[in-house]
1. Tally up the residues in the stretch 132-147 that are surrounded by fewer than 19 Cβ atoms within 10 Å (Cβ to Cβ) and in a helix (DSSP H, G or I), please.
2. Report the residue count in the stretch 54-88 for those that are hydroxyl-bearing (Ser, Thr, Tyr) and either in contact (Cβ under 8 Å) with a residue 60 or more places away in the chain or open to solvent by less than 10 Å² (accessible area, probe 1.4 Å) (or both).
3. Would you check if PHE90 is over 18 Å from ASP18 (Cα atoms), aromatic (Phe, Trp, Tyr) and at pLDDT 95 or above?
4. Criterion first (open to solvent by 30 Å² or more (accessible area, probe 1.4 Å), touching a residue at least 24 places away in the same chain (Cβ under 8 Å) and among the hydroxyl-bearing types (Ser, Thr, Tyr)) does SER111 satisfy it?
5. How do the helices (runs of 4 or more DSSP H) wholly within the stretch 8-127 filter down when requiring 1 or more residues that are touching a Ser or Thr at 6+ places or on another chain (Cβ under 9 Å) and closer than 30 Å to ALA180 by Cβ: which remain?
6. Quick one: how many residues across the stretch 144-170 are of a type in the set (A, V, I, L, M, F, W, C), more than 17 Å from the chain's Cα centre (by Cα) and at pLDDT 95 or above?
7. Just for the stretch 20-50: of the residues that are in contact with a helix residue (DSSP H, G or I) (Cβ under 6 Å, 6 or more places away or on another chain) and within 16 Å of LEU101 (Cα to Cα), which one is surrounded by the fewest Cβ atoms within 10 Å (Cβ to Cβ)?
8. Tally the residues that are within 25 Å of VAL104 (Cβ to Cβ) and of a type in the set (D, E, K, R), restricting the search to the stretch 155-190.
Amino acid sequence: MTTSAVSRREQILETAADLFARRGFHGVSVSDIGAACGVSGPALYKHFPSKDSVLAEMLVSISERLLGDGSRRVAEATDPVAGLRALIAFHVDFALAHPALIVVQDRDWSSLPGDARERVRTLQRSYVDLWAAQCRAADPALGPAPARARAHAVFGLINSTPHSAVLPPADMAALLRAMAEAALGVAPAG
């Protein structure tokens, strides 16, 4: 695939995410996506076979990215607490940079085709497990279920950003990092 084709696919995905976030998956047509990208609706079929495939690629790819980048950050960390801090910083940065994807993931997940829904579910479970493992490594007395519950609670906090990000981005990021660290019982750095 050429660079321009990749760029066009990325543009379509980004544009569709913004439209889906504002109007919902079912409130957006292929023609709407095409018009917002500056092409005819049918021209989108060169890149995606259907609107469902746009949603599927969008949500599968963000789930793969979260797991892949999160795993890499944990692997690069010097200890479990540093791993938790790295996960928190990464997820906060992602949520603040991609609020439309957070909204679409939350609201339109059930519109995914079955195979994509299972892939996203599997990736998300692995991402939760990554966080839970870091929580347990930082606090060996913590059981698996409470560790997963902590991870989910922190995701709820961080993923609230499409509705709660009322501060300048750097201030919001610092606030979310501090709140997430406190929720996970991570002592303040330095």
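The values are calculated or read from the model by the stated rules, or taken from the named source; none is laboratory data. Nothing here was measured: the structure is a model prediction, and the numbers come from that model. Heads up, the Cβs are rebuilt from the backbone with ideal geometry, glycines too, and the neighbour counts pull from every protein chain shown. Heads up: the accessible areas ignore ligands, DNA and RNA and are worked out on the full protein's heavy atoms, side chains in. Shrake-Rupley method; radii C 1.70, N 1.55, O 1.52, S 1.80 Å.
1. Count: 6.
2. Of the residues in that region, 1 qualify.
3. For PHE90, the condition - over 18 Å from ASP18 (Cα atoms), aromatic (Phe, Trp, Tyr) and at pLDDT 95 or above - is met.
4. No.
5. Correct list: 51-76, 80-97, 99-108.
6. 3
7. PHE25
8. 1
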